[in-house]
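Just so it is clear, none of the values below were taken in a lab; they were calculated from the coordinates. The model shown is predicted, which means the values in this text are computed figures rather than measured ones.
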């Protein structure tokens, strides 16, 4: 029965080990590709879930940014303008609460004094003095006696009166719209994938190392056999 020289046997074993490493590498690549595909699917599902969770918040934020906030800012600006105008009017009133207006004597008017009617009376803009003051909201009123005491004499006297106080400011400041709060989003957990991938890589490296060590040992053995001579 024919037998192969030992050198040829060792070379055949070396070839098988080399082929075994290549197959191991191919298997490793396929496993990594499969794991990566599963990871990609899981991550895509995670992204879709995040998108669905964030959709109501993004819609509310868009409404806040384009509608609620600009409207609030416009209302607040209008409120401040009115408040500033009121404060300015109140300050001016406190500084000088009195006004003055020119009256004129009208002979066609009559006035009643002590049950007697007299011809002639003062008017402002076609109204008797007290009627005019009432029309502008002034609390000042004059009697016939006061005409004299206040110096209302001549044809065009100046009438002093208390200005109406500015109407109390009652506007309410606009309320700021509520800022939408983003939902809590958990980070994607890739630890399982990383663990499995790391374990697979370690296994591959270990097995490749074992095969390379065996191949190196076989190569050395073959070299020693060749140096020692071929034996049948």
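Table for the structure above
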{"quantity": "Computed lengthening from residue 59 to residue 98, 0.36 nm per intervening residue step minus Cα-Cα distance", "calculated": "8.4 nm"}
{"quantity": "Segment 25-70: radius of gyration over Cα atoms, expressed as a fraction of 2.2 N^0.38 Å", "calculated": "2.06"}
{"quantity": "For segment 41-101, the fraction of alpha-carbon pairs in successive 5 Å shells from zero, as %", "calculated": "4, 14, 10, 10, 9, 8, 8, 7, 6, 5, 5, 4, 3, 3, 2, 1, 1, 0"}
